[in-house]
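What follows is a short report on a single structure.
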Amino acid sequence: MEDKINRSIKYIDSLVDFSPDVGIILGSGLGDYVDSIDKTLEIPYEDIPELPVSTVPGHKGCFVLGKRANKNLMIMQGRIHLYEGYTMKKITLPLRIMIKKGIRALIITNAAGGINRGFKPGDLMVITDHINLMGDNPLIGPNLESFGPRFPDMTEAYDKELINTALAVGRKLGIDIKKGVYAGLKGPSYETPAEIEMLRRMGADAVGMSTIPEVIVARHSGIKTLAISCISNMAAGIMDKPLSHQEVVYTAKKIRPQFVKLLNGIVSSIKI
């Protein structure tokens, strides 16, 4: 695995001399955020040795390097998911690259289904904790000692200081940011109403098919992490209507202006 990471980094370094401060992972329909930064270079995943290719609509599939608020940003414009047929190690390889390149904070975004009946499509939710129901973990197998310990603590997987920063920026911008627990399932099928009821009783406020593998890998390396869900639809059984990926992408694009303002406010406020 470390050889694969090094081969990927060697290719990126051959294109540009760039040391990132903050890593950002953009979820479904949220990739347009890159238009708000001063871009240095875009590198398609398919050009980078060892990297998997994103196959899902709404995920462009490239690294975007650039600057915002005097911070160097390394952005994943689109992520790779477990349900695309890749292993946990493969889908978190891009994040391992960002960590080895030197990021000191990570912001993860996703589109999620709302379980909390107090939520509505278009809400933004800061993740305070998660429930991993994916049936896998990216740290299974030989430990990458140069990245972190064999048994990383997950008590505070989501950094309290970054959460408070996000909430403060939201208040300043007049954005009512929710807080909640995110449940991660493998997908790609959406959950049944009975499964959503189970998740609700377990304490989940939102559900999705990503984010948790990345949070585990970031925590393994001690990277301060913030995760924000765009509630793109209400989960099965919460509203009596069928679910579709088109609705997910549509809602994410609809809230783009406030999402961009929020994310840029957070980037500006992060203390590195």
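Taking the condition of being assigned to a loop (DSSP other than H, G, I, E, B) and touching a residue at least 60 places away in the same chain (Cβ under 8 Å), how many residues in the range 165-175 meet it?
So the answer is 1.
Looking at 199, 243, 262, 226, can you tell me which residue is of a type outside the set (D, E, K, R), modelled with pLDDT of 85 or more and more than 18 Å from residue 75 (Cα to Cα)?
Among 199, 243, 262, 226, only 199 is of a type outside the set (D, E, K, R), modelled with pLDDT of 85 or more and more than 18 Å from residue 75 (Cα to Cα).
Does the range 200-239 hold any residues that are of a type in the set (Asp, Glu) and either in a strand (DSSP E or B) or closer than 21 Å to residue 175 by Cα (or both), and which are they?
If the condition is that a residue be of a type in the set (Asp, Glu) and either in a strand (DSSP E or B) or closer than 21 Å to residue 175 by Cα (or both), then 205 is the only one that fits.
Taking the stated definitions as given, is residue 73 farther than 20 Å from residue 4 by Cα, in contact (Cβ under 8 Å) with a residue 60 or more places away in the chain and either assigned to a strand (DSSP E or B) or within 13 Å of the chain's Cα centre (by Cα) (or both)?
yes
Checking residue 162 against (1) within 24 Å of residue 233 (Cα to Cα); (2) in contact (Cβ under 8 Å) with a residue 12 or more places away in the chain, which test does it fail?
Result: residue 162 fails condition (1) only.
Mind checking which residues of the range 131-145 are charged (D, E, K, R) and in contact (Cβ under 8 Å) with a residue 24 or more places away in the chain?
Our first condition is that a residue be charged (D, E, K, R); within the range 131-145, this holds for 136, 145.
Within the range 131-145, just 136 meets the criteria.
A quick yes/no check of all residues on (1) of a type outside the set (A, V, I, L, M, F, W, C); (2) out of contact with any Pro (no Cβ under 9 Å at 6 or more places or on another chain); (3) surrounded by fewer than 17 Cβ atoms within 10 Å (Cβ to Cβ):
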{"position": "156", "(1), (2), (3)": "yes, yes, yes"}
{"position": "165", "(1), (2), (3)": "yes, yes, no"}
{"position": "172", "(1), (2), (3)": "yes, yes, yes"}
{"position": "176", "(1), (2), (3)": "yes, yes, yes"}
{"position": "204", "(1), (2), (3)": "no, yes, no"}
{"position": "211", "(1), (2), (3)": "yes, yes, no"}
{"position": "214", "(1), (2), (3)": "yes, no, no"}
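If residue 14 meets every condition in (1) of a type in the set (Ser, Thr, Tyr); (2) more than 18 Å from the chain's Cα centre (by Cα); (3) under 20 Å from residue 261 (Cβ atoms) apart from one, which number is that one?
All conditions pass for residue 14, except number (3).
Taking the criterion of being farther than 30 Å from residue 261 by Cβ, modelled with pLDDT of 95 or more and assigned to a loop (DSSP other than H, G, I, E, B), would at least one residue in the range 100-116 satisfy it?
no
The values are calculated or read from the model by the stated rules, or taken from the named source; none is laboratory data. Note that the structure is predicted; figures quoted are calculated from it, not measured. Neighbour counts run over all protein chains shown; Cβ positions are idealised from the backbone, glycine included.
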